[in-house]
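Below is one structure; the comments refer to it alone.
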Ligand code: NI
């Protein structure tokens with residue numbers, strides 16, 4: 001069941017918001033506001049240390065001394081949080097590793113930060129999500 005409520009915004013902020021809606025191709029303001037509210041609530045769930053699911057991506061040069069071993073060792077230390085790992089050989093030197101994780105937000109974040117901090121990891125990212133229970 002949908003409920004309506006109204007929002008008051010300064011003209012300038014509304015114009016910026018409408019630009020955001022166009023760029024992100026939302027069909028209308030309500031859909032954009034709903035999405036932003038859900039994002040904020042999911043963010044809050046993470047902060048509250050609820051269960052999350054996520055994807056860690058890493059790009060690294062596998063020639064870098066001991067890098068591969070350190071990444072594997074760390075993944076074994078967090079085996080309870082790791083659902084699967086996919087390794088892609090991007091070119092002669094570079095590897096992409098995509099790690100699907102689930103667990104407490106604090107654990108998933110720690111694993112991600114420790115992997116990305118390993119010397120030789122060129123690029124890393126964590127995207128977290130939750131089932132969004134009670135967010136619809
Ligand atoms: Ni590789």
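The numbers here are math on the coordinates, done by the rules we state, and not lab data. Remember, it's a predicted structure, so these values are computed and weren't measured experimentally. We place every Cβ from the backbone using ideal geometry, glycine too, and count neighbours over all the protein chains shown.
Just grab the label-to-label distance for residue 22 and residue 110, each label 7 Å out from Cα along the Cβ direction, in nm (one decimal).
The answer from the label model is 4.7 nm.
Normalise the Cα radius of gyration of the range 51-129 by 2.2 N^0.38 Å (N = residues in it) and let me know the number.
In units of the 2.2 N^0.38 Å rule of thumb, it is 1.02.
Regarding the chain, what's the average projected area of the Cα-atom convex hull, expressed in nm²?
11.2 nm²
Of the residues 39, 11, 80, which exhibits the maximal mean-square fluctuation in a Gaussian network model of the chain defined by a 10 Å Cα contact cut-off?
11
Can you give me the distance in nm between label points at residue 9 and residue 129, each placed 7 Å from the Cα along the Cα-to-Cβ direction?
2.5 nm
Taking R0 as 35 Å, what FRET efficiency do you get between residue 86 and residue 40 from their Cβ-Cβ distance, rounded to the nearest 0.05?
0.70
Nearest 500 deg cm²/dmol is fine: what mean residue ellipticity at 222 nm does the chain get from its DSSP H runs of n ≥ 4 alone, each adding -39,500 (n - 2.57), divided by its residue count?
-13500 deg cm²/dmol
For the chain, set up a Gaussian network in which alpha carbons nearer than 10 Å are linked by springs, and say which option among 22, 34, 109 fluctuates the most.
In the Gaussian network model the winner is 22.
Please order 2, 126, 96 by the number of other Cβ within 10 Å, starting at the fewest.
2, 96, 126
For helix 105-117, report the angle its Cα long axis makes with the longest principal axis of the Cα atoms of the chain; keep it between 0 and 90° and round to the nearest 10°.
50 degrees
Just rank 38, 23, fewest to most, by other beta-carbon atoms within 10 angstrom.
23, 38
Of 125, 51, 28, which is the most mobile in a GNM of the chain whose springs link Cα atoms less than 10 angstrom apart?
Answer for the Gaussian network model of the chain: 28.
Could you put 5, 17 in order, starting from the residue whose Cβ has the fewest other Cβ atoms within 10 Å?
Lowest to highest Cβ neighbour count: 5, 17.
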